[in-house]
Structures are given as C-alpha cells and as structure tokens.
Amino acid sequence: MPPKLLTYLILALLAASAAAARRHPSPASSAAAGEPVYLWPLPRNFTSGSRTLLVDPDLALDGQGPGGAAAAVAEAFERYRSLVFSPWAHAARNASGGYDVGKLTVVVASADEKLELGVDESYTIYVAAAGGVNSIVGGATIEANTIYGAIRGLETFSQLCVFNYDTKNVEVRHAPWYIEDEPRFAFRGLLLDTSRHFLPVDVIKQVIDSMSFSKLNVLHWHIIDEQSFPLEVPSYPKLWKGSYSKLERYTVEDARDIVRGKGYPKLWPSPKCREPLDVTSNFTFEVISGILSDMRKIFPFGLFHLGGDEVYTGCWNATPHVKQWLHERNMTTKDAYKYFVLKAQEIAINLNWIPVNWEETFNSFKENLNPLTVVHNWLGPGVCPKVVEKGFRCIMSNQGVWYLDHLDVPWQDFYTSEPLAGINNTAQQKLVLGGEVCMWGETADTSDVQQTIWPRAAAAAERMWSQLEAISAQDLETTVLARLHYFRCLLNHRGIAAAPVTNSYARRPPIGPGSCFIQ
C-alpha cells in the first residue's frame, strides 16, 4: 500500500473511532487520567485509547515499500523482538491464539540507505486490535520515509510493549495508538572519550546500542588526545605506539566494525615541547593529511572534529627554531594558532569533510574561519547566539549542564538546558544543528562509564528530540521524573548499567533497598 494512502486510511480510521480514542494535541498529556505517557523521548503528537491489546510472541514482520525489505529493518526488528519477549515467551504462547497484534507492518518509502546529517528520521505508528473496525491497517504498522525513521519507530513500538507478570503476556496498553513523530534537531550527540581510558570495542558497541534507546544519533568518538594515541593509522604505523599499552589499541578493523554500528617525535617542536605540534614543519601537515585520508576510508560520515580547544602556545616561543620561524614571518603565537587551524581545515575540506572546531577558534579568529565550519560550544552559555549571528552552524555542549563527567550536575539541569536559548531569529535557529552531551574519560572507564552516561544523557536526549512546547509544559517533579525513572528501569532491563535518577551525585549506586522506579 502506498505510504500516502496508508496515512489517509489511518486518519480516516481515527475519525471513525473518535469515541474510543482520546486526542492529545500535545504529548504532555497523559494516556490515562493521572498517568504519564511512558515513552522516552516524547513523540511529537499522538492519540491513545482505553484498550489493552495482547501481542503475539511470534510477532511477524511484514516489510513493504521500496525500503521495507532492507536488511537493516529486518535486523532491527529481530533485535527489538528479543528485547520485548523473554526467551521462553514462545513456550508460554496462548494455546487459543487469541492475540490482537500478530504482525508488524513496516512501510518504508525509500530504499536509499545513505546515512548523513539531516537524514529523515520521521515515522508514524498505528496499533489497534485485529478484526473489526480497528483492523484497516492490520494490527501494528510503522510508516517511514527512510530505514532510519523505521528504526526510530521500532524503538517507540518496543516501549509500547509491556510485559504483564500476572498473565505472562506482552501487552500494548491504552490502545489504539496513533503516533506521529520526528526529531527537533538533526544532531543529537554523545562524545565518548577513549584517550584518557581505553574502552574495549564491545563497551563502545554497548554505548551505541544504549544511545539508540533514547534516539541519540551521533557518536563523537574522541579517540586520541595528549594522553594516548590508541588508533591504528596505516599511513603512519608508528602513531599508535603512543597507546597506553599494546593491549589498549584499536585496529582499523575495530574502527570499521564499530562503524558497521610514541610514533613520530618529529611532530613535536622539541622533546620538552610536545604540545601543540610543530607548526613550522611540513611533516606535521603531511601526517594530519594522512590521518584524515585514512579516517575517510573508515568513517563515511560528513563531520570531522578538528579540535582547537585549550591550545597552550607558550612552548612555541620557548623553542628556538619555532621562535625563529615566527619572527621571520612577523607572526605571534596567536597568529600561528590561526595558521595551524586554517591549514588543517583546508586539508579536511579537500577530503570532503565538514570541519568542526571547538569555540576557541571562533572566539579568536571568527572572521577567518571557513564558512563550512561548525562551531562546537563548550565553555559556557551564550556562544551559539554569537555563532549563528555570524552565519556559522553551531553545536551546543555547555560544560555547566551537558558535561557528564561533572558529577554534581543533576538530571534537571540536563533536561532544561535549551540549545536555542537567546536565539529568536528563525533563520538563525536553523543554524543550530543540535547538541552533544560529553563523556570525558579522565574518571570513567569500563567499570563506570555506562552509569555515568545514563540516565542524565537521556534527559538531554529528550530535550533534543521532543518539541519544546510539549516538554516545557510538563512538571519536572511529577510527569518528567516519573517517565525518567521508568526509562532508567527500561535501560536496566536491557542490560544497561544506568544509575539511579535522583542521586545527588551522579553514578552512585542506590543508598538502600527500594524499587527501581522511585530511586
């Protein structure tokens, strides 16, 4: 069935069954009197009813449309089915076969699987009982323009499915459901730092899986920094000798697998000046070009973060040959910093990367930055308004509210921080790509990284996905907190070590016995 026709049928059905379903013009409403809608993040619009439907443990996938048969859709369906149903669910199947939802129809309008910033992640869901007036679309249907929208819809559908411990059935409560959803921001990121502490590949994959549960869509993998260089770069194979140990490295194959899902002392100005790199040497920029070229083969995405923050240029003046180079060109160290950043940008752009730089570059020489530059805020509030006013794009990561390693920042601050604060011009608002919560790794490794990320990252995730009017209208201490408790418990059930929500200090374990839903 063509997607447009399907939409018309759904809307016609909603009109016909208005007596059974209650309309929620804003997702801040509840599915039942006094009960929050336990979906995270909140959808854009939805309707719900008063029926409870049983879902068949042998739920079948019916992929339709040009992209409905894509392997990614089938794999995601199997992944979510395993999350929703216990391993023994089939053995406990109702012998009478009296299930309301036995098939999930996924209609995808496009077979294009290209993943890029701004890809369409919108979707609609309809869930109703099989048979009778509610059977026009046959049980449960997800409609999307792309496979990525379909996968977002599968996450929401999985959250509608709740296990009943009394009957041992999976149920969809408050049916029939009609959900129409799309993200507010295209860029909804999580920075993961593996340079301060090595994280095994399986842990990185777990983080990526957990991101999908709250509909975050960008992993900013901060692989290398001053402390370690754990990544294999084929063009310069000595670089990863800068890893902490030979057992704490990422091969090219590791990097490719994650996507699917003390080497060169000549770079230093001197043995006593190892940071920043030698701005006078052509070899420095040859290595940068080699790294970016190799990374282009591994990471098929548009953005590459070139850094540029907290650059201490003092040792350049203390290194004779660099000082001489600056003198010959009548340059200050600030001039050399600009020269370095702009040259790195040029290399990246020539390799079809979109350069991302920390806000210090904008603060220091905004008039010289390439127009393609995406400025990444981190120092504090009020930066994105200045950035977009100059025509640049911006990503918000205000350290005071969206740095996960700041353990004293409560979930409420993550939730209420607004990427568009101070930006009233509609055209300038569109230049804010979104935001990114940052998991810097100085005090996090495999032992505590997940509980440091979650559930506070989920609070920011809803801010970036859901409509501002809906989430701003909610009461933090009742509607939002109850749903965040519930989502944290969902993460725990899915094997994600999310910490209690209301800890006064993030990632601490529970302080005593009690329910997951109120800690």
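The values are calculated or read from the model by the stated rules, or taken from the named source; none is laboratory data. Treat the numbers as computed from the prediction; the structure is a model and nothing was measured. We place every Cβ from the backbone using ideal geometry, glycine too, and count neighbours over all the protein chains shown. Areas reflect the complete protein model, heavy atoms only, side chains present, ligands, DNA and RNA absent. Shrake-Rupley method; radii C 1.70, N 1.55, O 1.52, S 1.80 Å.
Output the residue which, of all residues in the stretch 85-113 that are modelled with pLDDT under 95 and not in a loop (DSSP other than H, G, I, E, B), is nearest to residue 123 (Cα to Cα). The residue in question is 103. Where strands (runs of 3 or more DSSP E) sit wholly within the stretch 173-231, those with at least 3 residues that are open to solvent by 20 Å² or more (accessible area, probe 1.4 Å) and at negative phi occupy 218-222. Number of residues in the stretch 461-500 that are at pLDDT below 95, β-branched (Val, Ile, Thr) and either within 26 Å of residue 79 (Cα to Cα) or open to solvent by 10 Å² or more (accessible area, probe 1.4 Å) (or both): the value is 2.
Checking each residue in the stretch 350-401 for being among the aliphatic types (A, V, I, L, M) and open to solvent by less than 40 Å² (accessible area, probe 1.4 Å) picks out 356, 369, 374, 375, 383, 387, 388, 395, 396, 401.
Here residue 450 meets the list (1) open to solvent by less than 10 Å² (accessible area, probe 1.4 Å); (2) within 22 Å of residue 191 (Cβ to Cβ) almost entirely, failing just condition (1). Of all residues in the stretch 425-434, none are open to solvent by 10 Å² or more (accessible area, probe 1.4 Å) and under 30 Å from residue 86 (Cα atoms). Considering the stretch 168-217, and only residues there that are among the hydroxyl-bearing types (Ser, Thr, Tyr) and over 13 Å from the mean Cα position of the chain (by Cα), the residue that is nearest to residue 434 (Cα to Cα) turns out to be 194.
Might you check whether a residue that is at positive phi and touching a Cys at 6+ places or on another chain (Cβ under 8 Å) occurs anywhere in the stretch 407-430? Let's see the steps before the verdict.
Quick first cut of the stretch 407-430, residues at positive phi only: 422.
Those left that are additionally touching a Cys at 6+ places or on another chain (Cβ under 8 Å): 422.
Yes, there is a match, as at least one residue in the stretch 407-430 is at positive phi and touching a Cys at 6+ places or on another chain (Cβ under 8 Å).
Going through (1) more than 22 Å from the chain's Cα centre (by Cα); (2) surrounded by 23 or more Cβ atoms within 10 Å (Cβ to Cβ); (3) assigned by the TED database to the domain that holds residue 440 one by one, residue 235 falls short only on (2). Output the residues belonging to the stretch 376-424 that are of a type in the set (Phe, Trp, Tyr), within 15 Å of residue 459 (Cα to Cα) and touching a strand residue (DSSP E or B) at 6+ places or on another chain (Cβ under 8 Å). Hits for the stretch 376-424 are 402, 403, 414. Could you tell me whether any residue of the stretch 321-335 is under 30 Å from residue 389 (Cα atoms), among the hydroxyl-bearing types (Ser, Thr, Tyr) and exposed (fewer than 15 other Cβ atoms within 10 Å of the Cβ)? Looking for residues that are under 30 Å from residue 389 (Cα atoms), among the hydroxyl-bearing types (Ser, Thr, Tyr) and exposed (fewer than 15 other Cβ atoms within 10 Å of the Cβ), one finds at least one in the stretch 321-335, hence yes.
Selection over the stretch 393-408 of residues that are within 17 Å of the chain's Cα centre (by Cα), of a type outside the set (A, V, I, L, M, F, W, C) and in a strand (DSSP E or B) gives a count of 1.
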